[in-house]
Amino acid sequence: PQTLPAANALWQNFPNPFNPETTIGFELNQEAVVHLVIFDLTGQMVRTLIRGQVMAAGSYQSVWNGRDENGGRVGSGTYLYRLDAGSFTAMKKMILLQ
């Protein structure tokens, strides 16, 4: 049987810097409503990868292809990604190099 994570966690994306895509990993220690959102440094939302999905405890990965909500390529630079899972919130930086 799979060992469930002891705590919620948001991992550093890999690879970082990246081009054209990167993988964001996270762990949930209990079922939660999950949001995974990417922002630019001005705080503008760029892309929502997971929107209010109920997810069971476990380990997950989500891939971002460097595109915004409309499918357009975003520019090189530093981006933030935020995981909200129940009362847990964490944010990390990643760099897109084109």
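Of note:
- Rough spin-label spacing in nm, given labels placed 7 Å along Cα→Cβ, for LYS92 and VAL63: 1.8 nm
- The range 3-97 - percent of accessible surface contributed by carbon and sulfur, probe 1.4 Å: 50 percent
- Taking only the alpha carbons of the chain, we obtain Rg and Dmax values of 13.4, 43 Å in that order.
- Selected from GLY75, GLY86, GLY58 as most flexible by GNM, with the chain as the system and alpha-carbon contacts under 10 Å: GLY75
- Fraction of the pair-distance distribution of the range 1-58 above 15 Å, Cα-Cα pairs, percent: 61 percent
- Under 5 Å from the amide H of ILE50 lie the amide H atoms of LEU36, each residue being 5 or more positions distant or on a separate chain, with H modelled from the backbone and absent for Pro and chain starts.
- Beta bridges by DSSP in the chain, antiparallel share as percent, to the nearest 5: 95 percent
- Accessible area per residue for the chain is 57 Å², calculated with a 1.4 Å probe on protein heavy atoms, without ligands, DNA or RNA.
The values are calculated or read from the model by the stated rules, or taken from the named source; none is laboratory data. Computed from a predicted model, the values in this text were never measured in an experiment. As a convention, Cβ positions derive from the backbone with ideal geometry for all residues, glycine included, and neighbour counts pool all protein chains shown. Protein only, heavy atoms only, side chains kept; ligands, DNA and RNA dropped before computing areas. Shrake-Rupley method; radii C 1.70, N 1.55, O 1.52, S 1.80 Å.
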